1. So for the protein assembly as shown: antiparallel DSSP bridges make up what percent, rounded to the nearest 5?
2. Given a 1.4 Å probe, how much area per residue of the protein assembly as shown is accessible, in Å²?
3. What percent of all Cα-Cα pairs in chain A falls into each 10 Å bin, going from 0 up to the bin containing the maximum distance?
4. Using the Karplus equation 6.51 cos²θ - 1.76 cosθ + 1.60 (θ = phi - 60°), what ³J(HN,Hα) coupling, rounded to whole Hz, does each residue of the stretch B:164-171 give in order, writing x for Gly and Pro?
5. Please label the shape of the stretch B:65-105 as rounded, prolate or oblate, based on the square roots a ≥ b ≥ c of the eigenvalues of the alpha-carbon gyration tensor (a/c under 1.5 means rounded; beyond that, a/b larger than b/c means prolate, else oblate).
6. What is the stretch B:164-318's relative contact order, in percent, from Cα pairs under 8 angstrom and six or more apart in sequence?
7. Between the stretch A:247-315 and the stretch B:24-45, how far is it from one alpha carbon centroid to the other, in angstrom?
8. On a 0 to 90 degree scale, rounded to 10, what angle separates helix B:177-189 from the longest Cα axis of chain B?
Number of protein chains: 2
Amino acid sequence: MMNMRLILIGFGFIGKEFAKVLRDKMSTLKEIDKDFKIVGVADSKGYIYNDNGVNLEKLSSISKLSEYQSYKSGESALKLIDEDLCDVIVEATPTNIKDGEPGLTHIRRALSRGIHVVTPNKGPLVLAFRELTNLAEKNGCSLLYEGTVAGAIPIFSLVRECLRGDEIIRLAGILNGTTNYILSKMFFEETSFEIALKEAQERGLTERDPSYDVDGIDAACKIVILANALMGREAKFEDVERVGIRGITQEAISLAKKSNYAIKLIGTIDKRLEVAPKLVPINHPLCVHGTLNAIHIETDLAKEITLVGYGAGKETVSAVLNDLITVLKRNMGIKN
Amino acid sequence: MMNMRLILIGFGFIGKEFAKVLRDKMSTLKEIDKDFKIVGVADSKGYIYNDNGVNLEKLSSISKLSEYQSYKSGESALKLIDEDLCDVIVEATPTNIKDGEPGLTHIRRALSRGIHVVTPNKGPLVLAFRELTNLAEKNGCSLLYEGTVAGAIPIFSLVRECLRGDEIIRLAGILNGTTNYILSKMFFEETSFEIALKEAQERGLTERDPSYDVDGIDAACKIVILANALMGREAKFEDVERVGIRGITQEAISLAKKSNYAIKLIGTIDKRLEVAPKLVPINHPLCVHGTLNAIHIETDLAKEITLVGYGAGKETVSAVLNDLITVLKRNMGIKN
């Protein structure tokens, strides 16, 4: 099939950044599929649609989708999916780990119609990983979700494309940049947890309710997706034993530091699934600081590989773009 | 095309390790190509060949190829290539950066006959990168060389498959495990360069002439391949400005350490190509120790990604196997 038509669903932080990337990288995309176009963009209150392609220059310059001239208020993204107006969606609505909505319905509906899905939205993958991957397989379409875990770190495609013969035995990772920022601040500046948390909040690194980050909920969601995707588990959120970082004192961090350890919130996939503060030797590759994330995998052949990068923020568009290019290449029958 | 026939050329350290991997991972390979088989193995003095497949159990148990019963002494690997007895070769003869031989002739001959090549042998790629990649393209076959740089770190496939939309702006890496072992020993144990070098030699980490490692020759070779493969350069070995680690004193390392820096032999690809000792902040992801290698890339979208892993030794077979699986998948028309 040629002429892939994309619909972008969600016009928040990632959606807007991705619109700019689509503008800037259009020549790369058209090298793969010369007729590729973005035919629609939806937010929670309406959409724009143009079967000749939306104006990406205009789209990149507006802060609300409703500023786009042909915006249709009161319409749902589901209408664009149901009327077979697209071949691939980028689902970038806000993460909701309670019921996965509205992303879960968007993704289910698209896959059941054979429409490829690229998403950085964790909620649907945490709640319905096996259902959605089975649905994609059954309908012969791609479901790619590189951006759901550790932002710009391409962990899923690394394992899929670069370690094709290796078996993953164990995984450990710093999977939440906010808690890593807090713990790094406590480590380097000897502040208390409360002060470090306050600074993270002032920098806009946390949700209004910081529990999602500091109690390890976000990291546990990522462990669920990693375990299901990379190690064939049937993991659910409840399977992750979880301890956050509220109890970590400056005293504990100072004591660890004297012995050349840092305290990090580590997610592990081993026999058990766990998110908990752990002592990490400061010279270990996993011991990265600030808002960086890191994932350390143990395999049978390569033994140990660590990937470090930005786990959130606009760098995530790298992962979304890589997934989209993968979909276009598969569609065009380009093997690599 | 089905029924890929592999010939392994070179039965030294990597060749023997790879024979074991072929034995252990045969079911993985046959899942992709059910008739895949290893029809021959050559060393510098002869070969074994069996069009029904060689006995991998036997092959994995011998230390010299001539111990294999049907070993034909005095025959050349080129004969197996010229008689169209194989579809893919794994070229694992010893690295020779002077004239690339015998690997260069093996690879040239195979590619010119449309035979796919997988190799962890740096020499031919350093000396003739563009000639060989052009030859592969012209003849519609794959030339994959993941194992040539940083052993088990899958840097080439990472960029090719996981950062498809990113542009690589700059690269810096610890690309030689021996010098990293020496510098780490000087850093942690406060030994002199001479003592650390001696211990590296006793552990079998260096060539008989340590110049290849300590003068940055090996790292410079890797910079040449990386620059050509990932950043479209036309780099030659002579283009790399090169300073080794012989001049690094314990005093310099101690002084750096007091300011929270380590001295590392860093290869960089920027406007210039360079291998030289550099101060690296001990908290930077690139600052890994022991025999580990690390590669830090800066890109337009993901901004910074660091990969850490083993740069030499038997872990390299992970890269060779990944390349071989890529060849089999491409051959079978499997898109990913």
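The values are calculated or read from the model by the stated rules, or taken from the named source; none is laboratory data. None of the values given here were measured: they were computed from a predicted structure. All Cβ positions, glycine included, derive from the backbone under ideal geometry; neighbour counts span all protein chains shown. Accessible surface areas use protein heavy atoms only, side chains included; no ligands, DNA or RNA. Shrake-Rupley method; radii C 1.70, N 1.55, O 1.52, S 1.80 Å.
1. Roughly 65 percent of the DSSP beta bridges within the protein assembly as shown come out antiparallel.
2. On a per-residue basis, 39 Å².
3. 6, 26, 32, 23, 11, 3, 0
4. After applying 6.51 cos²θ - 1.76 cosθ + 1.60, I find 5, x, 7, 9, 7, 9, 7, 9 Hz.
5. Oblate.
6. Relative contact order, the stretch B:164-318: 33 percent.
7. Cα centres, the stretch A:247-315 to the stretch B:24-45: 38 Å.
8. Once rounded, one gets 30 degrees.
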